[in-house]
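Step one of this worksheet: look at the structure below.
The values are calculated or read from the model by the stated rules, or taken from the named source; none is laboratory data. Predicted, not measured: the structure shown is a model, and the values here were computed from it. As a convention, Cβ positions derive from the backbone with ideal geometry for all residues, glycine included, and neighbour counts pool all protein chains shown. Just the protein is used for accessible areas: all its heavy atoms, side chains included, with ligands, DNA and RNA removed. Shrake-Rupley method; radii C 1.70, N 1.55, O 1.52, S 1.80 Å.
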Amino acid sequence: MKKTVFILLSLFIASMTYAQKANFKAAEKFRRSNLRQKVGDTRVSPNWINESNKFWYSYKKSDGKNYYYVDADRKTKKLLFDRSYMASEIHRLIHRPYNQLDLPLKDLEFEKESTTKLTFKIDSIRFLYDINSRKLVIKDTVPEEKRRNRWATYSPDSTWIAYAKNYDLYIMKSDDPDSTEIRLTEDGMEHYGYASSRADTAKDKKVRSIARWFENEEKLFVIKSDRRKVSELFVINSLAEPRPELETYKYSMPGEANVPQNELIIFDVESKERTDVDVKKWKDQRLRVRWVSQETAGKMIIERKKRDLTKLEICKVDANTGELEVLFEEEQYPYIYDGYGFGDLAVLNEGEDLIWWSERSGWGQLYLYDGEGNMKRQLTNGYFVTGDIERIDTLKRELYVEAFGKEKGVHPYYSMFYKLSLDEPGMRLISPENADHSFSMAKTNDYWVDTYSRVDMEPQSVLRDKNGSIVLNLEKPDLSQVYATGWQMPERFVVKAKDGVTDLYGVMFKPFDFDSTRKYPVISYVYPGPQTESVPYSFSVSSRYNTALAQLGFIVVNFGHRGGSPQRNNYYHTYGYDNLRDYALADDRYGIEQLADRYDFIDVENVGIYGHSGGGFMSTAALLSHPDFYDVAVSSAGNHDNNIYNQWWGETHHGVKEVKKEVKVKSDKKQEKAYPEDKQDSLKTVISFKSDVPVNQDLAKNLEGHLLLVHGDIDNNVHPGNSIRVVNALIKANKRFDFMIMPGKRHGFGDYSEYFETMMWYYFAEHLLGDYRTNVELKDY
């Protein structure tokens, strides 16, 4: 009898554990779109006024939006204008009512050389306001035809316009609508012309060109791409009217023989002559213009890089003759990284000094070269990563940079800012708070605005001097309405990678009615990188889907993995090289297991995982590679087969092998007859490339849990074929799964994002909580 009671009690507890009702009401309440209007602004975005130490900004709180005027030298902040007075004056002038709590001012800017007179637009009317006299007048109207044409690339002083037509490059004067157009080229053709890629097939009309201007407008240049042999890719917009519409575009994939071939051409405006620069070095090389001279149109600096990304050269080009000179080269294995701002070349004093970012020490650091390519000194040095160069004071030869992981005890992903000299060693920390910082500096280089925060610390916006001292406290957000909902901050945590020594940093989201005596299924939100880890470091009330998802009754975790980010070091960043499908999986599983050991409320027997794009790829791979651990995956827009994703992604992060083969070349027949004694075949080296990335469809037979695949049918970034190939393999393996197409949607799902979010709620509720309610009227909540 006791045994029977025990069995029944166990079954009752189990049913209570795995058939809990999802709290859809709470999830809807804390959906990002429902929180947005309760938050207002959380950071100050300064608009520095001309060459002064003054700026203005707008900031919205629960009492509405105000505009502020700050004088950094005087350490003062005041209202830019009284909003009720402004609403009244606007109404007086144009006889239309506007809400003074949220005035719809557009294109607000100060007049040139002025710090007291500003203009702004409402609809097509431009107003002029004097902050001293408080006088508002109508300055002019902005007719539709006066707005800049989208097809035009204006020269720096807006004297000239460059554009493409019928694949060729044209220029014309911008101030005269009837100006004679000047044709600069006659060699343009489809997929090998001068139009931007999206307008490449347009005929008989002006379209945007690929041309870029030198600062003094004497020359312009193009990197012309020959994509004629590149294979095409297709998507079909089934919602197009009146008939479904085929969209065709060129798209090179990893390892393919035919990839874009780039060349550099410089045009002289006065003579109309062109200079074709001989940039050839490596087969299928990549080409990038790093800098053009600002005072003259005499020189430029370019980068050419091997297709396998192991070598590059920084070259100086004489813009008048086309002569090219190699300044210095870089060699790095498994590849040279130059994404997300890292790796930018900074050029000072018309090319006299060059600042270069390199991982040659294993950590990204800055190096100073002279204009002839000789290294003068290493600017930053240590076991940390230097990020973006935020500002260069060329007169004082000072540099302001972002860095990660330099300060002991500070989260290694927080943006910290430093000041250093180009000529003396040392770095001075100018953002001392243990938080993630932002940077916006006046043109004078005297002051900067910093908004710093953490996921568990409210943002604070301050004005600092160039040495980091706080001059003025600007703003803290008004979160009273958010807290009134019951919202709580997420929690930070650190776990070890599978190697047992590498720290991984993450964030945990709990239900706001959290009960520590309960067991909660755990869901991991993932993005594998390798260019960035999609983990929040600064303050957010929603963290995309995570806050709302947790309210259903889940513990949601979001943490990094080895191979996920360049912000740690070169080893960490390239950990996934040659293993693009699987590298992050062991760390994700091991991290969740550690959290389950640490916290009794985590139910490690019920594990979900989800992600978008690379995260869609990873979440499916996790479910299929670790079917004994993961139970449910929601994978949206996943690049499940990186062999059909874009060339750069697969060849950079998984790798491409350069294959050299010696082939015989037949001797010339006429030469043989004339000189039979010299008859012999010669050898020629033929170079090809090979890349083969493991794919998710190869794991389809392993599916044991529940899988929801979602894709937009006109996704021209990650082609829907990525998901369809997994679908095909799952059908062949006789597996049950779910597949949802988002009709007429690109990679991000657009206005279907909330629908997708709701479907994800249902899916996890069904398969992790046992709640199979359908079509819950969420909006009623």
Inset, instruction - Quick one: compute the contact order of the chain, relative version, from alpha carbon pairs under 8 angstrom and 6+ residues apart, as a percent. - result: 10
Legend entry - Cut-off under 5 Å, modelled amide H: who pairs with ARG290 long-range: ILE301, ILE302, GLU303
Inset, instruction - First select every other residue whose beta carbon is under 12 angstrom from the beta carbon of VAL686; then total the charges, Lys and Arg +1, Asp and Glu -1. - result: +3
Inset, instruction - Give the long-range amide H neighbours of SER440: residues separated by 5 or more places, or on another chain, with amide H under 5 Å away, using H modelled in the peptide plane at 1.01 Å from N. - result: VAL449
Legend entry - Å² per residue, accessible surface of the chain at 1.4 Å: 47
Legend entry - Segment ASP63-SER231, extension gain: residue separation times 0.36 nm, minus the distance between their alpha carbons: 54.9 nm
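With +1 on each Lys and Arg Cβ and -1 on each Asp and Glu Cβ, how big is the dipole of the range 531-623 about its Cα centre, in debye rounded to the nearest 20? Don't skip to the end; give the middle numbers.
Values: 6 positive and 10 negative charges, 72 e Å.
The calculated dipole for the range 531-623 is roughly 340 debye.
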Inset, instruction - Report the trypsin sites (Lys or Arg not before Pro) located in the range 17-77 that are in a DSSP loop and have at most 13 other Cβ atoms inside 10 Å of their Cβ, or state none. - result: LYS21, ARG74, LYS75
Inset, instruction - Could you please report the charge total around LEU79, scoring K, R as +1 and D, E as -1 over all other residues with beta-carbon less than 12 angstrom from its beta-carbon? - result: +4
Inset, instruction - Could you order peptides 437-444, 296-303, 243-250, 371-378 by the average number of other Cβ atoms within 10 Å of their residues, highest first? - result: 296-303, 437-444, 371-378, 243-250
Inset, instruction - Enumerate the calculated ³J(HN,Hα) couplings along the range 740-753 in order (Karplus 6.51 cos²θ - 1.76 cosθ + 1.60, θ = phi - 60°), each rounded to whole Hz, writing x wherever the residue is Gly or Pro. - result: 10, 9, 9, x, x, 10, 8, 5, x, 6, x, 6, 8, 4
Legend entry - Point-to-point label distance, HIS95-ASN579, nm (Cα→Cβ direction, 7 Å offset): 7.4
Inset, instruction - Sticking with the crude label model, points 7 Å out along Cα→Cβ, report the distance from VAL142 to TRP282 in nm, one decimal please. - result: 4.5
Inset, instruction - State, to one decimal in nm, how far the label point of ASP513 lies from the label point of ASP107, with both points 7 Å from Cα in the Cβ direction. - result: 5.1
Inset, instruction - Compute the FRET efficiency between TYR154 and ASN716 as 1/(1 + (r/R0)^6), taking r as their Cβ-Cβ distance and R0 = 22 Å, and round to the nearest 0.05. - result: 0.20
Inset, instruction - Considering the options GLY364, ALA26, PRO242, tell which one lies farthest towards the positive end of the dipole of the chain, charges being +1 on Lys and Arg and -1 on Asp and Glu at the Cβ, about the Cα centre. - result: ALA26
Legend entry - Per-residue HN-Hα couplings for the range 499-508 [Karplus 6.51, -1.76, 1.60; θ = phi - 60°; Hz; x = Gly/Pro]: 6, x, 10, 7, 7, 10, 10, x, 9, 10
Inset, instruction - Multiply the residue separation of VAL659 and THR394 by 0.36 nm, subtract the distance between their alpha-carbon atoms, and state the gained length in nm to one decimal. - result: 90.8 nm
Inset, instruction - Find how many whole Å separate the alpha carbon centroid of the range 436-452 from the alpha carbon centroid of the range 320-365. - result: 26
Inset, instruction - With the full set of protein chains in place, find how many percent of the accessible area of the chain is carbon and sulfur; take the probe as 1.4 Å. - result: 47
Inset, instruction - Go through [x] 1.76; [y] 1.08; [z] 1.25 and flag the label whose value is the computed Cα Rg over 2.2 N^0.38 Å for this structure. - result: [y]
Legend entry - Whole-angstrom gap from the range 541-611 to the range 235-292, using each part's C-alpha centre: 37
Inset, instruction - Mark the label point 7 Å from the Cα of GLU247 along Cα→Cβ and return the residues of the range 692-715 whose backbone N is within less than 17 Å of it. - result: 711-715
Legend entry - Those residues of the range 239-253 whose amide nitrogen sits under 14 Å from the label point placed on ILE741, 7 Å along Cα→Cβ: 239-240, 244-247
Inset, instruction - In whole Hz, with x marking every Gly and Pro, tabulate ³J(HN,Hα) for the range 759-767 from phi via Karplus 6.51 cos²θ - 1.76 cosθ + 1.60, θ = phi - 60°. - result: 5, 5, 4, 4, 5, 5, 4, 5, 9
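Using 0.36 nm times the number of residues separating GLU217 and GLU605, minus their current alpha carbon distance, what extension gain do you get?
Taking GLU217 through GLU605 to full extension adds about 133.1 nm, to one decimal.
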Inset, instruction - Considering Cα pairs under 8 angstrom that are at least six residues apart, work out the relative contact order of the range 521-593 and quote it in whole percent. - result: 33
Inset, instruction - Determine the order of HIS91, HIS654 by accessible area, beginning with the largest, at a probe radius of 1.4 Å. - result: HIS91, HIS654
Inset, instruction - Would you please give the residues with an amide H less than 5 Å from that of LEU474, counting only those at least 5 places away or on a separate chain, with H modeled from the backbone geometry? - result: SER461, VAL462, LEU463
Inset, instruction - With +1 on each Lys and Arg Cβ and -1 on each Asp and Glu Cβ, and nothing else charged, work out how big the dipole of the chain is about its Cα centre, in Debye to the nearest 20. - result: 1440
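Give a quick list of GluC sites (Glu not before Pro) in the range 79-158 that DSSP marks as loop, anything other than H, G, I, E or B, with at most 12 other Cβ atoms within 10 Å. Please list the in-between numbers first.
Working: sites: GLU89, GLU109, GLU111, GLU113, GLU144, GLU145; in loops: GLU111, GLU113.
In loop regions of the range 79-158 (DSSP not H, G, I, E or B), the sparsely surrounded GluC sites (Glu not before Pro) are GLU113.
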